[in-house]
RNA sequence: GGUCGCGUAGCUCAGUUGGCUAGAGCGUUUCAUUGACAUUGAAAAGGUCAGAGGUUCAAGUCCUCUCGCGACCACCA
């Protein structure tokens, strides 16, 4: 044994040993309790980051339950991560001077497929480097044929029950990325906007009404002006008509409660096609919806003279021209507001009317809520229960259509022979044509029976498929596996995707299987740098977990993420902490080395003092004390582990092994060991190895390396039973 | 504006259901070390537990308020 532990000499071989011996493989064993976790599938578009290393909590649980003798399953997978991946891929393209528009749908899809497959292999090997106890034989990908089929079945079932509907309404659309989003993907950014006060002249009398807006260009689509019905200033004007500049449309002044008399002038221009509020007002007052901004971010033919120009340019032009026409009363330059932006590219999103598939969330959320309230699903740490319930109460209908190529194409089809005539340019909110949904593409149109119907070009929001992950993965492995391991025991993930993923898994899981997808939710914190800032490429503070493993070993990295933290709180990561844990691992190694070396030497000494133990009262006492202390430690350890207090369990072992076992007991028994007393050495060895079992879930490599040194290369600590002793 | 979290030793953080002189890692100081480990050992210095009030025999721990930091949510055009 070297003086210092060299993780690189062992880790990859050890992992291979585990994998080759099928230790990771879960089987059906009706006599055993099950413990199952579905790994949150990492996106198959990049290397793992430190956030993924936090899945070490799952490994700790899995390995712990393996030691307890349960039948464990930790199922790995990869997420195609639709929009995210396409976005990453487009960055690669643009680095080569290309863009998504240079390829047809199939070519682009195939290119991304190759890209993803390569990344997926890489990502999986990185999970291995972390030492994760994953059942690789069962690995799944969100775009596997059998998974897609289940996703389709769920969609069809939702559709048949009226929980999926197609509608045309205002959605968040990124004109740069070329797709719509759900509400969750919108990030509000505070911006310095100007507030423009614009005069709308009356039709039937002299004068004008002034409206305040941050988006003067949308006046091209205005179909009303609204005031609060209680506002005395405007009461007499309700019903009066005004003229919208440039487009010369006559619109009415209407009364609606949503108008805040204290804001601006108390009069609001209403653009139902380009504002969520105005859309609602429009519905209440039966206003016309005139879309003036196209999906390319340019003004369309309804914008008359401004057609073909980008929104930003048109804003400037309109402001200039309003000034010329003396229709601009004033500009408040110091106005701040929040603008919904694309969470990926950061540009302002455009609210646009568009036909999409929506999930009616309320009924699904109600059932999910019940599970959480009744604790059929338990949440750890418990403060997240309230947050989860808030979300389940406040979800809006979920837009699941994405206008991107990379994803699972929606199995919805439009009948061609029953498309109504478009109302020229002007749009109403009715959807065009009749649709049907089918898991397998049928031979004949299910609507008219004769047309060559078209499949929807859109793909699913990634979260729609990943929201089905727990049951979809297990169902594809056969009903026996599914029935044995479902519902899974724990869902462990970062608290940042609680609404995106956890809530939706519960909703879709209970809908599709009538059972909760998991019994417990355990949420971990986010990794930040040592100053508490989010790690991001632009800040340059990203730490690559593989570098840490290279330098200090996987055990050290794993321990550094758990030691001295509080579950669910953010982790401030620092290399110094990894070094500290590397030192701990080295300490473990050297305890082993001490016992190992002396064992070897004593066996060569002729007169071993076997009888010493009875005569040496001090020795006898110390051994008894050690025994008692270990039992106490183990009892506390089991309680902490069962209560998801992993950090504390680790702290306990750390303290015991280093500052009690090494610093105290070894020092106490050292003299006897040097005297050739084999009994005291045996005691030390026994308790050392027992403690390694407790440590194994946290530091799987070093514990296995030492186990093999003592018990033989073919042996393994992984499959030892914790209950056998004490 | 709402909700949640945080504010404990120079730094990063623990502190279970309130209970003896408040802990760890790193850092600092002193000493030790030729039979496991300098990626070591022994010891020391260092905290009005953000502030104020309250409950209690007893509060870092429970309650109320204030201040500071952070996160998430919210339709103010």
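The values are calculated or read from the model by the stated rules, or taken from the named source; none is laboratory data. Note that this is a predicted model, so its numbers are computed, not measured. Note that each Cβ is placed from the backbone with ideal geometry, even for glycine, and that neighbours are counted across all protein chains shown.
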Near pairs, Cβ below 8 angstrom, 6+ apart or cross-chain, from segment A:528-547 (over 10 Å from residue A:49 (Cβ atoms) and within 12 Å of RNA strand B (Cβ to nearest atom)) to any residue that is modelled with pLDDT under 75 and not in a loop (DSSP other than H, G, I, E, B): A:528/A:534
Pair list, Cβ under 6 Å, 6 or more apart: segment A:258-274 residue farther than 11 Å from residue A:220 by Cα, other residue in a strand (DSSP E or B) and within 6 Å of RNA strand B (Cβ to nearest atom): A:259/A:268; A:264/A:212; A:265/A:212
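In segment A:61-97, how many are part of a helix (DSSP H, G or I) and more than 24 Å from the chain's Cα centre (by Cα)?
In the first step, residues of segment A:61-97 are kept if they are part of a helix (DSSP H, G or I); the result is A:61-67, A:82-95.
In the following step, the residues that additionally are more than 24 Å from the chain's Cα centre (by Cα) were identified as A:64-67, A:93-95.
Matching residues across segment A:61-97 total 7.
Quick check: is even one residue across segment A:587-596 assigned to a loop (DSSP other than H, G, I, E, B), farther than 16 Å from residue A:698 by Cβ, near RNA strand B (Cβ under 8 Å from one of its atoms) and touching a residue at least 40 places away in the same chain (Cβ under 8 Å)?
In the first step, residues of segment A:587-596 are kept if they are assigned to a loop (DSSP other than H, G, I, E, B); the result is none.
No, segment A:587-596 contains no residue that is assigned to a loop (DSSP other than H, G, I, E, B), farther than 16 Å from residue A:698 by Cβ, near RNA strand B (Cβ under 8 Å from one of its atoms) and touching a residue at least 40 places away in the same chain (Cβ under 8 Å).
Residues checked against (1) out of contact with any helix residue (DSSP H, G or I) (no Cβ under 8 Å at 6 or more places or on another chain); (2) more than 10 Å from RNA strand B (Cβ to nearest atom); (3) modelled with pLDDT under 90:
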| residue | (1), (2), (3) |
| --- | --- |
| A:560 | no, no, no |
| A:567 | no, no, yes |
| A:584 | no, no, no |
| A:608 | no, yes, yes |
Every residue from segment A:28-48 that is at pLDDT 95 or above and part of a strand (DSSP E or B): A:34, A:35, A:36, A:37, A:38
Failed condition for residue A:621, given (1) within 41 Å of the chain's Cα centre (by Cα); (2) at pLDDT below 90; (3) more than 9 Å from RNA strand B (Cβ to nearest atom): (1)
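Quick check, is residue A:510 under 20 Å from residue A:379 (Cβ atoms) and touching a helix residue (DSSP H, G or I) at 6+ places or on another chain (Cβ under 8 Å)?
Numbers: under 20 Å from residue A:379 (Cβ atoms): yes; touching a helix residue (DSSP H, G or I) at 6+ places or on another chain (Cβ under 8 Å): yes.
In short, yes.
Do you know which residues across segment A:85-102 are within 17 Å of residue A:403 (Cβ to Cβ), touching a helix residue (DSSP H, G or I) at 6+ places or on another chain (Cβ under 8 Å) and surrounded by fewer than 16 Cβ atoms within 10 Å (Cβ to Cβ)? Write out each step before concluding.
Let us first name the residues in segment A:85-102 that are within 17 Å of residue A:403 (Cβ to Cβ), namely A:85-87, A:89-90, A:99-101.
After this cut, where a residue has to be touching a helix residue (DSSP H, G or I) at 6+ places or on another chain (Cβ under 8 Å) as well, the list is A:85-86, A:89-90, A:99-100.
If the condition is that a residue be within 17 Å of residue A:403 (Cβ to Cβ), touching a helix residue (DSSP H, G or I) at 6+ places or on another chain (Cβ under 8 Å) and surrounded by fewer than 16 Cβ atoms within 10 Å (Cβ to Cβ), then A:99 is the only one that fits.
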Qualifying residue in segment A:322-344 (condition: touching a strand residue (DSSP E or B) at 6+ places or on another chain (Cβ under 7 Å), farther than 30 Å from residue A:229 by Cα, within 15 Å of RNA strand B (Cβ to nearest atom) and in a helix (DSSP H, G or I)): no
